[in-house]
Amino acid sequence: MSNAQAPTLEVRDLQTYFFTKGGIARAVDGVSFTVERGKVLGLVGESGSGKTVTGFSVLGLVDEPGRVVGGEILYHGENLVTASPDRMRALRGANIAMIFQDPMMTLNPVLRIDTQMIEAIQAHEQVSDDDARQRARDALGQVGIPSPDERLRSYPHQFSGGMRQRVAIAIALLNKPDLIVADEPTTALDVTIQGQILFEVQKLCEETGTALIWITHDLSVVAGLADDICVMYAGRVVEQGAVDNVLDRPMHPYTHGLIGSVPSRNKRGQPLSQIPGMTPSLLALPEGCAFSARCPRVGDACSAIPDVSAPEAGRELRCHYPILEAAP
Amino acid sequence: MTVAQDNMDVAVAAHGDDRDKFEGVQTPFRRFLSDYCESKLAVIGFFVISAITLVAIFAPLLAPTDPYDLASVSIMDSRLAPGQAMMTGTTAHLGTDGAGRDMVSAMIYGLRISLGVGIGSGVIAMVIGISVGLFSAYAGGRVDSVVMRIVDIQLSFPAILVALILLVTLGKGVDKTIIALVVVQWAYYARTIRGTALVERRREYIESAVCLGLSERRIMFRHLLPNCLAPMIVVGTMQVAHAISLEATLSFLGLGMPQTEPSLGRLISNGFEYIMSGKYWISVYPGIALLVTIVSINLVGDRLRDVLNPRLQK
């Protein structure tokens, strides 16, 4: 897959800070990752770990009091951090699309589906209404919505949650973007519908070469869908690499704990393991490694922020005392 | 049973190909209608205000005489009691006023002016208020602060005072009265829609519209505005009633509408000097008409507020 041209998206040392009255919250602090064409990157972490802010930063949607204060977001080599608002608007929806978490809220309740889809096409291209409608119809069919002609004339309230998320995905696909940022799009859905949507998305990525950033806290989704994984904690990437390697042999104690927290059939009857404590407030991060207060392997070195190390080819890690031995 | 029905609904929603059932899904408008009709009083209010509006629209067809035609008004007919015949042979069912005008005709035409001025000024004020408020909410920051302080200053003056000063400066007439009422009212609309828009602006569908790369104007008017309209309907209804009573007050005080085109307020004021001499009808009947109009508009407005406010729904 990898060729000489620039990857679809390359984020380098991204820093997004929120300047609140209570102090500066470093929501994203030095995050770097790369998404190649047709690949899926799973961005994993607890609530408040900065994964959504990372996604919003890519689209230039960080609202006051937040600001991207450092780093580069290179989309095919073009730095989006310094791009003009007009340029960002042209890219948004056409080249970079976003899918949101709550399908109940992302469609405008007072406009029909066809209106919303057609205007999404016409915002970026000079297309006649009939052609736009045809494309909207095809997009609905593509995500597995039965009788798309009839569905086009419906209002969002006439759809169930799963159908709405399909429509939201169809809208994201309308202009054939080559990068989609999906912010927990299946969290609010049933497992069966989640499965269907994951299948559709996977197929689309393979067929169209669209790169995908899938933001989630559900490790099982990442395991099935993603090629690479980024584990975030308190605004930093603590571990990243190919999904199989990271999930089979986690090196960071936090990743290890996350995997241990997933209930599984093999461990039935035994008490579930958990990570004690909760995510620290971004306004009052502990000195040194942010995870040190909850870490079972904490040691003296943890009072300093660990540097990024590369224990294996294609893997990155931020830990002083990584788990390097055999699999759990 | 309800669970089974719910499942059915989901199934129907999921397979839109079954057209009959699909069409049978309750639309928000139908739900709104049935909610509204739960209050008998509000339904009565709606029919009364519809009837009044129709009477006002078809005034030239319904009125027995033309009160504006000064040639047909005779001073000999002045202050006839209800039921007496006028010089022309027409029976004055509600009597005549001091100038010899048939009260029924004068009231029908007066309603026309009162409603016209009330609705006209309400609509103009709404358009101005919506534009200013929406822009203020969308722009945010310093623009928002400045606009809202202007609104605050405007609202800190009593409406009647502002209208009086304006009318004294501008003079009498339909257009001037409408201008005065618009100046008094736009701020209510601006403040209301700004509050709603600030909430709606944070919703995800606006964010996703931004994500689609739509232009700001399109997001403001196509996406934000329609979702902010429900409270505007309520405020609009109430403000029209308010405008009608304010116009009546101004006319009663001798400002607002001129004597040749009397509104309900002017008619009341005309009869005011005779009310102590037993000639009650010149003031009382226009007063009742004004009362019924405003009460029925308010009944409709109250019900709309209850139905359209999601927080008050069970």
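The values are calculated or read from the model by the stated rules, or taken from the named source; none is laboratory data. As the structure is a prediction and not an experimental result, all values here were calculated from the model. FYI the Cβ positions are ideal-geometry reconstructions off the backbone, even for glycines, and counts take in every protein chain you see.
For the range A:9-48, a tally of residues being in a strand (DSSP E or B) and out of contact with any strand residue (DSSP E or B) (no Cβ under 6 Å at 6 or more places or on another chain) returns 3. Restricting B:A137, B:A180 to those that are more than 22 Å from B:R217 (Cβ to Cβ), in contact (Cβ under 8 Å) with a residue 40 or more places away in the chain and either touching a helix residue (DSSP H, G or I) at 6+ places or on another chain (Cβ under 7 Å) or surrounded by fewer than 19 Cβ atoms within 10 Å (Cβ to Cβ) (or both) reduces the list to B:A180.
Taking the criterion of being within 20 Å of the chain's Cα centre (by Cα), modelled with pLDDT of 80 or more and either away from every other protein chain (no Cβ under 14 Å) or not in a helix (DSSP H, G or I) (or both), would at least one residue in the range B:98-107 satisfy it? Yes, the range B:98-107 contains at least one residue that is within 20 Å of the chain's Cα centre (by Cα), modelled with pLDDT of 80 or more and either away from every other protein chain (no Cβ under 14 Å) or not in a helix (DSSP H, G or I) (or both).
Answer with yes or no whether B:R149 is free of Cβ contacts under 8 Å to residues at least 40 places away in the same chain and either touching a Phe, Trp or Tyr at 6+ places or on another chain (Cβ under 9 Å) or part of a helix (DSSP H, G or I) (or both). Taking the combined requirement at face value, the residue satisfies it.
Conditions (1) at pLDDT below 90; (2) within 14 Å of the chain's Cα centre (by Cα), marked per residue:
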residue	(1), (2)
A:A4	yes, no
A:V11	no, yes
A:L14	no, no
A:Y17	no, no
A:T20	yes, no
A:G23	yes, no
A:R26	yes, no
A:F33	no, yes
A:R37	yes, no
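Are any of the residues in the range B:87-95 touching a Lys or Arg at 6+ places or on another chain (Cβ under 8 Å) and either touching a residue at least 24 places away in the same chain (Cβ under 8 Å) or buried (at least 19 other Cβ atoms within 10 Å of the Cβ) (or both)? Scanning the range B:87-95 turns up at least one residue that is touching a Lys or Arg at 6+ places or on another chain (Cβ under 8 Å) and either touching a residue at least 24 places away in the same chain (Cβ under 8 Å) or buried (at least 19 other Cβ atoms within 10 Å of the Cβ) (or both). Scanning the range A:49-90 for residues that are part of a helix (DSSP H, G or I) and more than 18 Å from the chain's Cα centre (by Cα) yields A:P85, A:D86, A:R87, A:M88, A:R89, A:A90.
Restricting the range B:204-228 to residues that are free of Cβ contacts under 8 Å to residues at least 12 places away in the same chain and not in a helix (DSSP H, G or I), the residue that is farthest from the other protein chains (Cβ to nearest Cβ) is B:S215. For B:T169, the test of being part of a helix (DSSP H, G or I), over 26 Å from A:R112 (Cα atoms), more than 14 Å from chain A (Cβ to nearest Cβ) and under 15 Å from the mean Cα position of the chain (by Cα) is failed.
One residue stands out in the range B:178-203 among those that are among the polar types (S, T, N, Q) and closer than 15 Å to B:A137 by Cβ: the one that is nearest to the other protein chains (Cβ to nearest Cβ), namely B:T196.
In this structure, is B:M238 closer than 20 Å to B:A125 by Cα, surrounded by fewer than 20 Cβ atoms within 10 Å (Cβ to Cβ) and either under 23 Å from the mean Cα position of the chain (by Cα) or without any contact (Cβ under 8 Å) to a residue 40 or more places away in the chain (or both)? The answer is yes for B:M238.
The set of residues from the range A:172-202 being surrounded by fewer than 23 Cβ atoms within 10 Å (Cβ to Cβ) and small (G, A, S) comprises A:A188, A:G195. Filtering A:I118, A:I169 for residues that are crowded, with 19+ Cβ neighbours inside 10 Å, within 12 Å of chain B (Cβ to nearest Cβ), closer than 20 Å to A:D218 by Cβ and of a type outside the set (K, R) leaves a single hit, A:I169. For the range A:128-158, how many residues meet the condition of being in contact with a helix residue (DSSP H, G or I) (Cβ under 7 Å, 6 or more places away or on another chain) and either in contact (Cβ under 8 Å) with a residue 24 or more places away in the chain or more than 10 Å from chain B (Cβ to nearest Cβ) (or both)? Looking only at that region, the number is 19.
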